[in-house]
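The values are calculated or read from the model by the stated rules, or taken from the named source; none is laboratory data. From a predicted model like this one, the values you see are computed outputs, not experimental measurements. Cβ sites come from the backbone with ideal geometry, for glycine too, and all protein chains shown count toward neighbours.
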Amino acid sequence: MFNTKLTRRDFVQLAAGSTAALSLGALKLPEFEKMFAEALKEIPVIWLQGAGCNGCTISTLNVVSPTIQDLLLTSVVPGTHVSMQFHPTIMAAQGDLAMNTITDTAAKGPFVLVIEGSVPLKDGGIYAEVGEKDGEGITLLEHVLNLAPKALAVVAAGTCSAFGGITAAAPNPTGAKAVSEILKDHNITTPVVNLPGCPPHPDWVVGTLATVLMSGLDALDLDDMGRPKAYYGKLLHDQCPRRGHYEKGLFATKLSEPYCLFLVGCKGPVTYADCSDRLWNNKTRWCVEADSPCIGCAHPGFPDAVSPMFEAPPVINSTDKLAIGIAGTAVVLTAGVAAVELAKKAKRNAAKKG
């Protein structure tokens, strides 16, 4: 799915590094490079992974401009590496050396805490552990409760972290919750930036971190769910190139048809993201362009609230007026088709009797 052209030698070099650089191409601001360099020298990042699949990290590492090699192996601009103090997937340190990095970073001053994956609560949170102390595993829950109050901001990377996602889907055997829910339950007031997506687009993660590190949280325009409006401010349905087909009542009945995909499960009418503008896979395609309906992976209720994924939806139980309108259109359309078929059948039967 991804093409990073990362050789074995490059990977060894990557693993030997202790920091990760983030994309300078995510934002276009005056004197960006200078501001970015000055800011990133001051604020370190701690990235923890909880109940999830590590897909959010994989997506972030597949940024296109600059390439993964530029981001992790070289400085795009001298001195502009993000001070990624802890990240289980890309850091070289192990054991006590790695865990001490978390403690030391938190003690030195402001830092940004990135959480990937949801936070399990059942059985004391043992279903997601990061490191150990005195032979006992340290749960992600313990890390969050310890680090979040000290952080400048918490970035919830991916739908699992932002809203619970697949790992908190019914029947949720581990009692997993979104990061913001955990903080609210424990009266922790550190601001949370939610970056849903399964996985999130690399630009969403990179651009948000760059903004927070460079200009602070005030530079982010967040909606009432803590999502940056720059990435989640528009309804996918409004940006879809097949919107014209919807307006004309041209609906696909199978995935290969080039019409509006609502009747085969598209969740664009209830999902906010800029996929159609930003594109995926080296900025070449997005789901609908590949003849697949949007499955709503950035929707707060993913996956439960947007399932089944590839079936015509029933009347949508939603406060979204547009969604209700489209659901109504689908019902009318389906009823209309049924009526036509019944009329044809009646006409054939009458002809036979005549």
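Considering ALA156, ALA170, the condition of being under 18 Å from PRO300 (Cα atoms), under 20 Å from the mean Cα position of the chain (by Cα) and surrounded by 24 or more Cβ atoms within 10 Å (Cβ to Cβ) is satisfied by ALA156 alone.
Report whether or not LYS184 is surrounded by fewer than 14 Cβ atoms within 10 Å (Cβ to Cβ) and of a type in the set (Lys, Arg). Full working, then the answer.
Working: surrounded by fewer than 14 Cβ atoms within 10 Å (Cβ to Cβ): yes; of a type in the set (Lys, Arg): yes.
Taking the combined requirement at face value, the residue satisfies it.
If the condition is being surrounded by fewer than 21 Cβ atoms within 10 Å (Cβ to Cβ), assigned to a helix (DSSP H, G or I) and among the aliphatic types (A, V, I, L, M), then region 204-254 contributes MET214, LEU217, ALA219, ALA230. The residue list VAL112, VAL119 contains one member that is surrounded by 22 or more Cβ atoms within 10 Å (Cβ to Cβ) and under 22 Å from GLY216 (Cα atoms), which is VAL112.
Any chance region 267-274 includes a residue that's of a type in the set (A, V, I, L, M, F, W, C), modelled with pLDDT of 95 or more and assigned to a helix (DSSP H, G or I)? No: region 267-274 contains no residue that is of a type in the set (A, V, I, L, M, F, W, C), modelled with pLDDT of 95 or more and assigned to a helix (DSSP H, G or I). Applying a threshold of 7 Å to beta carbon distances and a minimum spacing of six or more residues, or different chains, the list of pairs starting in region 129-148 at a residue that is buried (at least 19 other Cβ atoms within 10 Å of the Cβ) and ending at one that is of a type in the set (D, E, K, R) reads THR139/GLU129; LEU140/GLU129.
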